[in-house]
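Contents: one structure, followed by commentary.
The values are calculated or read from the model by the stated rules, or taken from the named source; none is laboratory data. If you're wondering where the values come from, they're calculated on a predicted model, not measured in any experiment. Reconstructed Cβ throughout: ideal geometry from the backbone, glycine too, with neighbour counts over all protein chains shown.
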Amino acid sequence: MNQPIFLIGFMGSGKTTLGKALAQKLEVPFYDLDEEIEKQSGLRIKELFEQKGEPYFRSVENQCLKAFENIPAPYVLATGGGTPCFFEAMEWMMRKGKVIFLDPPFETLVERIQKTGVSRPVFLAHQNGEGKDSLHQLYLQRRKIYLQAASRLDSSTIHVNEVIHMLKN
Ligand code: S3P
């Protein structure tokens, strides 16, 4: 495997946790796009949303994604929940490497997000809006885009060995 691996999925789908484990098993570097955005902007994700707004965040997010053009493959990149849904990021990732959609059930996502929601501005915005229905609408809209990925894993807890197995086939 000498291509990049991009992990995509809604908030709470386990992209970072699984990405770290996968990179360790494959002995390749691991990157987290949110961390790259924080390094590049000098602000935490939450502050970036609060101080500059979502459109600005999306443009920095896209620039940080495209900066991976210059990073030698292979590596594993955990993206943010919205990354594939703005600009032509999904097409870009599909062209550059292998895109894996982590797709646990919506209820699992909600449970996980609720535990860590404070630092997730998109979740908070939907929570303060029409609550769970609004979050579900966002999930359904985004899922249509995520489904373009060549590979999808849908168990509630996705184990790294499942990903390795899938990559071999
Ligand atoms: C976002 C998800 C977050 C982060 C930002 C926006 C989204 O990443 O990029 O808060 O739009 O769903 P995680 O999916 O890692 O929570």
- prompt: Applying the selection to segment 22-46, what residues are closer than 26 Å to Val122 by Cα and surrounded by 15 or more Cβ atoms within 10 Å (Cβ to Cβ)?
  reply: Phe30, Tyr31, Asp32, Leu33, Asp34, Glu36, Ile37, Glu38, Ser41, Leu43, Ile45
message: Checking the conditions here, which among Pro104, Pro29, Pro4, Pro72 is modelled with pLDDT of 95 or more, under 19 Å from Ile145 (Cα atoms) and of a type outside the set (S, T, N, Q)?
response: Pro104
task: May I ask you to verify whether Arg112 is basic (Lys, Arg), out of contact with any Gly (no Cβ under 8 Å at 6 or more places or on another chain), touching a residue at least 60 places away in the same chain (Cβ under 8 Å) and over 16 Å from Gln3 (Cα atoms)?
output: no
task: Mind listing whichever residues of segment 135-158 are surrounded by fewer than 15 Cβ atoms within 10 Å (Cβ to Cβ) and at pLDDT below 90?
output: Ser155, Ser156, Thr157
- request: Give the number of residues within segment 84-104 that are under 20 Å from Gln141 (Cβ atoms) and either aromatic (Phe, Trp, Tyr) or surrounded by fewer than 19 Cβ atoms within 10 Å (Cβ to Cβ) (or both).
  value: 8
- request: Go through (1) near the ligand (Cβ under 9 Å from one of its atoms); (2) aliphatic (A, V, I, L, M); (3) in contact (Cβ under 8 Å) with a residue 40 or more places away in the chain one by one and return the number of the condition Leu18 breaks.
  value: (1)
- request: Go through segment 11-39 and give me each residue that's outside any loop (DSSP other than H, G, I, E, B) and in contact with a Pro (Cβ under 8 Å, 6 or more places away or on another chain).
  value: Ala23, Leu26
task: State which residue is surrounded by the most Cβ atoms within 10 Å (Cβ to Cβ) when the search covers only segment 62-83 and only residues that are touching a Ser or Thr at 6+ places or on another chain (Cβ under 9 Å) and under 14 Å from Lys15 (Cα atoms).
output: Ala78
- prompt: Any chance segment 113-126 includes a residue that's surrounded by 17 or more Cβ atoms within 10 Å (Cβ to Cβ) and away from the ligand (no atom under 15 Å from the Cβ)?
  reply: no
field: Of all residues in segment 55-83 being more than 16 Å from the chain's Cα centre (by Cα) and either closer than 27 Å to Leu109 by Cα or polar (S, T, N, Q) (or both), the one that is farthest from the ligand (Cβ to nearest atom)
entry: Asn70
